[in-house]
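Asker: Let me begin by handing over the structure; questions about it come next.
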Amino acid sequence: MSESLPSGEEKAATVRSLFDRIGPRYDLVNRVMTFGMDVGWRRRAIRELHLPTGSRVFDLACGTGDLCRELGRAGYLAVGFDFSFGMLASARTDAPLVQADILHLPVADASADGVTCGFALRNVVSLDALFAELGRVVRPGGAIALLDASRPDNPVMRSGHRVYFERVVPMIGGLLSDRDAYAYLPKSMAYVPPPGELLDLVGAHGVPSACRIQLSGGIAQLLVGVRS
């Protein structure tokens, strides 16, 4: 794989191929490389929705259905969307699943009470297009909770996290799944803009109240807000 990061259609093809390959062992690798913390992060994302029981929540880039399962346990009606057939084929959830590009969802305007998305901001071709689509499908007063990896603000933690993320994670991925894929994932953090720019993008597409919550010392981040 080239050291330079792909863009546009090349990025879309790369990401689809990558997730098609790692789907069968995706959950296992997540649990191992995060020491199980990813489970708590997802549950925190769902708690931050603050929606009534029975609300319809779209889970974008749903993968194997982790967030869909947790949404169901919380009393929400989840619908999952992902463009990787390999991930959907490995899904373990009773929620309806749709193979679709999350930048062009096959749903009506204002058809969701809420949207969740786990660890996919760095994988879309355009964050601006993603947030525009969120603004289209989430009803006024609906909620968003977008979870992704991050880098700690503390310099010491940031240095240690960098070593772990860039060297140890690919080793774990290589032992349990696909080394090339898990070497790409840390590099893909370069696609995510700084927190201020990220919040400005979300705010420009109908969620001016959006705020960022750092999780586990800043190794994960959660963007939450209410659709205006």
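Asker: Could you check Ser4 against (1) part of a loop (DSSP other than H, G, I, E, B); (2) modelled with pLDDT under 95; (3) open to solvent by less than 50 Å² (accessible area, probe 1.4 Å); (4) not aliphatic (A, V, I, L, M) and say which number it fails?
Answerer: The number of the failed condition is (3).
Asker: Can Gly63 be described as part of a loop (DSSP other than H, G, I, E, B) and over 13 Å from the mean Cα position of the chain (by Cα)? Steps first, answer last, please.
Answerer: Working: part of a loop (DSSP other than H, G, I, E, B): yes; over 13 Å from the mean Cα position of the chain (by Cα): no.
No.
Asker: A further question follows. From the list Arg212, Arg227, pick out the single residue that is within 23 Å of Leu49 (Cα to Cα), open to solvent by 40 Å² or more (accessible area, probe 1.4 Å) and under 15 Å from the mean Cα position of the chain (by Cα). Show your work before the answer.
Answerer: On the way: Arg227 fails: under 15 Å from the mean Cα position of the chain (by Cα).
Within the list Arg212, Arg227, the selection yields Arg212.
Asker: Let me ask something else about it. Looking for something surrounded by fewer than 20 Cβ atoms within 10 Å (Cβ to Cβ) and assigned to a strand (DSSP E or B) - is there at least one such residue anywhere in region 106-113? So that I can check it myself, show each step before the final result.
Answerer: Our first condition is that a residue be surrounded by fewer than 20 Cβ atoms within 10 Å (Cβ to Cβ); within region 106-113, this holds for 106-111.
Cutting the leftovers down to assigned to a strand (DSSP E or B) gives us none.
No, that holds for no residue.
Asker: OK, next. In the set Val156, Val192, Val125, Val168, which member is open to solvent by 10 Å² or more (accessible area, probe 1.4 Å), β-branched (Val, Ile, Thr), at pLDDT below 95 and within 27 Å of Glu10 (Cβ to Cβ)?
Answerer: Values: Val156 fails: within 27 Å of Glu10 (Cβ to Cβ); Val125 fails: at pLDDT below 95; Val168 fails: within 27 Å of Glu10 (Cβ to Cβ).
When all the criteria are applied, what remains is Val192.
Asker: With the requirement that a residue be closer than 23 Å to Ala108 by Cβ, outside any strand (DSSP E or B) and touching a residue at least 60 places away in the same chain (Cβ under 8 Å), what does region 131-168 give you? It would help to see each step written out before you state the result.
Answerer: In the first step, residues of region 131-168 are kept if they are closer than 23 Å to Ala108 by Cβ; the result is 131-146.
If we keep only those that are outside any strand (DSSP E or B) as well, we get 131-137.
Of everything in region 131-168, those that are closer than 23 Å to Ala108 by Cβ, outside any strand (DSSP E or B) and touching a residue at least 60 places away in the same chain (Cβ under 8 Å) turn out to be Phe131, Ala132, Leu134, Gly135, Val137.
Asker: Still on this structure, I have one more. Of all the residues that make up region 3-19, how many are among the basic types (Lys, Arg) and farther than 15 Å from Ser126 by Cβ?
Answerer: Our first condition is that a residue be among the basic types (Lys, Arg); within region 3-19, this holds for 11, 16.
Retained after the next criterion (residues that are farther than 15 Å from Ser126 by Cβ): 16.
The number of residues fulfilling the criteria is 1.
The values are calculated or read from the model by the stated rules, or taken from the named source; none is laboratory data. Bear in mind that the values here come from a model prediction, so they are computed numbers and not experimental data. Here the Cβ is made from the backbone with ideal geometry for all residues, glycine too, and neighbour counts use every protein chain on show. For the accessible areas, the whole protein counts, side chains as well, though only heavy atoms, and no ligand, DNA or RNA atoms are used. Shrake-Rupley method; radii C 1.70, N 1.55, O 1.52, S 1.80 Å.
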